[in-house]
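A short worksheet on the structure shown next.
The values are calculated or read from the model by the stated rules, or taken from the named source; none is laboratory data. It should be emphasised that the depicted structure is a prediction, and the values quoted were computed from it without experimental measurement. Cβ placement follows ideal geometry from the backbone for every residue including glycine, while neighbour counts extend to all protein chains displayed.
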Amino acid sequence: MKLRIALSALSAALVLVAPLPAQAGMPKLSWELKETGVTARLRGLSPVSRNVVWASGSGGTVLRTVDGGRSWQNVSPPDTAALQFRDIEAFGSDRAVALSIGEGTDSRVYRTEDGGRTWAETFRNDEPRAFYDCMAFFDRRHGLAMSDPVDGRFRILATEDGGRSWRVLPPDGMPQALPGEAGFAASGQCLVTAGGRDAWLAAGGAERSRVFHSGDRGRTWTVADTPIPAGDPARGVFGLAFRDRHRGIAVGGDYRPEQQSPSAGAVSRDGGTTWQPAAAPPPAYRSGVTWLPHLPFAAVAVGPTGSDVTYSGGRSWETFDGGSFDTVSCAHDRSCWAAGEQGRVGRLVLR
């Protein structure tokens with residue numbers, strides 16, 4: 001969908017502000033920026049640990065660090081400069097799977113087992129109406145990728161061998177899409193998982209913003225409305241994060257910088273069956289969100305105009321940084337990272 005390509009043009013000044021005072025007893029947050037040596041817009045991010053992080057983005061770019069961001073290796077697949085790698089999933093310092101987005105054959109999956117020295121193309125979309133947006137894995141073997149609707153339903157791609165091979169799942173278990181409904185390839189977080197079988201898919205662009213849920217690895221889905229405004233191709237739910245199969249956060253808004261984004265956050269406590277608006281939402285459009293492993297009710301959301309933190313499970317947010325990021329994610333060892341335009345990468349610091 002051309003809307004996904006338009007997201008590439010969104011740009012904001014990299015204005016840094018001092019961290020705001022934390023709530024009583026809560027840490028102060030800030031970003032420690034890391035020099036990547038590239039100017040690509042990095043919307044794909046997969047931290048493995050505080051030392052190993054993968055990032056991907058425009059110009060066919062894939063980056064890897066194995067020393068905590070002190071140095072970055074450009075391990076981009078060859079002959080992919082025309083592609084946009086909007087999502088990446090890594091399973092260590094050597095193994096990663098990258099998704100490029102776009103109409104028709106621009107939607108592809110590449111896989112490496114040697115730290116990016118060589119890549120294998122394991123999927124190339126042959127359906128001209130499909131446009132793959134995001135990818136997520138349940139474990140090292142089982143994963144899904146999602147496409148905008150084809151014949152009125154979101155299309156789901158599945159792998160059971162770690163991304164070596166893929167198959168399109170039957171559409172019968174997917175509810176009908178609304179007219180104009182699509183996903184947003186803004187942060188690699190329009191498709192997320194929690195546990196071994198649950199997946200959620202974020203959508204917008206139609207009269208209502210919605211979140212789809214599957215409890216059987218993508219075979220069947222239910223769908224629920226969210227309070228995040230839609231009604232325009234530029235509005236809807238852009239990013240999801242589930243701490244477990246029950247507690248979820250949705251962020252989004254209107255990605256156009258001249259448009260306001262009220263009600264840009266929502267929360268679910270029942271696995272996405274129902275959604276409630278945040279009482280004090282992020283103040284502007286946000287494209288990425290992640291739960292912080294350090295605190296049970298803490299999460300961070302990011303977007304082109306700043307980063308926000310919640311200590312209440314998504315009910316209220318406060319801004320702690322004014323710099324531009326598109327996506328944010330945490331590793332199992334509790335290190336958290338963000339990435340965005342002009343090769344910008346930061347590691348979250350708690351004080």
* Structure fact -> Quick count over the stretch 95-104, residues being free of Cβ contacts under 8 Å to residues at least 60 places away in the same chain and within 17 Å of Asp139 (Cβ to Cβ), is 1
* Mind checking whether some residue in the stretch 39-49 is among the hydroxyl-bearing types (Ser, Thr, Tyr), at pLDDT below 95 and either surrounded by fewer than 22 Cβ atoms within 10 Å (Cβ to Cβ) or more than 25 Å from Gly252 (Cα to Cα) (or both)? -> no
* To do: Go over the candidates Asp148, Asp87 one by one and state the one that is of a type in the set (D, E, K, R), under 15 Å from the mean Cα position of the chain (by Cα) and buried (at least 19 other Cβ atoms within 10 Å of the Cβ).
  => Asp87
* To do: Filter the stretch 200-222 down to residues that are touching a Leu at 6+ places or on another chain (Cβ under 6 Å) and among the small types (Gly, Ala, Ser) and give me whichever is nearest to Asp87 (Cα to Cα).
  => Ala202
* **Among (1) in contact with a helix residue (DSSP H, G or I) (Cβ under 9 Å, 6 or more places away or on another chain); (2) among the basic types (Lys, Arg); (3) more than 19 Å from Ile101 (Cβ to Cβ) - the single one Arg208 does not satisfy** => (1)
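Within the stretch 194-235, take every residue that is on the phi > 0 side of the Ramachandran plot and among the small types (Gly, Ala, Ser) and give me the one that is surrounded by the fewest Cβ atoms within 10 Å (Cβ to Cβ). Quick ask: steps written out before the conclusion?
Of all residues in the stretch 194-235, those on the phi > 0 side of the Ramachandran plot come to 195, 205, 217-218, 231.
Among the residues that remain, those that are also among the small types (Gly, Ala, Ser) are: 195, 205, 218, 231.
On the way: Gly195: 12, Gly205: 23, Gly218: 26, Gly231: 15.
The selected residue is Gly195.
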* Which condition number in (1) closer than 26 Å to Phe238 by Cβ; (2) surrounded by fewer than 21 Cβ atoms within 10 Å (Cβ to Cβ) is the one that Phe184 fails? -> (2)
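Residue-wise test of (1) within 21 Å of Glu181 (Cα to Cα); (2) at pLDDT 95 or above; (3) part of a loop (DSSP other than H, G, I, E, B); (4) small (Gly, Ala, Ser).
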| site | (1), (2), (3), (4) |
| --- | --- |
| Gly236 | yes, yes, no, yes |
| Asp244 | no, yes, yes, no |
| Arg256 | yes, yes, yes, no |
| Pro283 | no, yes, yes, no |
* Structure fact -> Scanning the stretch 198-231 for residues that are more than 20 Å from Arg155 (Cβ to Cβ), among the charged types (D, E, K, R) and either in a loop (DSSP other than H, G, I, E, B) or at pLDDT below 95 (or both) gives Glu207, Arg208
